[in-house]
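Okay, so here's the structure we're looking at.
The values are calculated or read from the model by the stated rules, or taken from the named source; none is laboratory data. Remember, predicted model here, so these are calculated numbers, not experimental data. FYI the Cβ positions are ideal-geometry reconstructions off the backbone, even for glycines, and counts take in every protein chain you see. When the accessible area is computed, the model is the full protein with side chains, heavy atoms only, and any ligands, DNA or RNA have been set aside. Shrake-Rupley method; radii C 1.70, N 1.55, O 1.52, S 1.80 Å.
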Amino acid sequence: MLVALGRDNILPWSNFLLVNENRTYLVVFFIGAAAVCIGSIENIAKLFTMIYLLLYSILNCTVYLLESSKSPGWRPSFKHYTWWTGLSGSILCAAIMLIIDWVFAVVAFALLIFLYRLLRTGSYSRIRGIAQIATRELDTLRNLLYFRKVPNEATNFRPHYLLLWKGICSG
């Protein structure tokens, strides 16, 4: 998995992993050593539980965002599905994390924020997902529709733009 991260150039230091195969073994060794240094199997189990609950929370939040944005590519096959199942699943996973152990939950959330910022500032230029694009489009549409409610006066006049593009009309 680390080699795949290196090939896709996702992380800023991923070129370090591609130079030599032994470097990936070294990184895996340090990750394993850090898990052993925790010292207690209960704490390791709590950490992995928090990671899985955080994964399910993010997955449910993504499902909610896709449903609320009315993305045309989102067609759930479960006939009893509604938007609140994704939202409530995300909230319940976060609440269960805090109930199990709030210290490990805060550490997991901090790790998530760190990884998100690391990936966002990295050189990873691929499309990050349909939910993020759909949320941006929905926010843009809401902001544009807001201007219909604002009365046109001299103090708040903004010009209206018309986009003419040659590629639309050509077959």
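A few comments on the model shown:
- Any pair with Cβ under 6 angstrom, 6 or more apart, that starts in segment 43-65 at a residue that is within 17 Å of Leu111 (Cα to Cα) and among the charged types (D, E, K, R) and ends at one that is in a helix (DSSP H, G or I) and open to solvent by less than 60 Å² (accessible area, probe 1.4 Å): Lys46/Phe104
- Boolean, Gly86 is at pLDDT below 90 and in contact with a Phe, Trp or Tyr (Cβ under 8 Å, 6 or more places away or on another chain): yes
- Subset of segment 107-153 that is of a type in the set (Val, Ile, Thr) and within 24 Å of Leu65 (Cβ to Cβ) - its residue that is modelled with the highest pLDDT: Ile113
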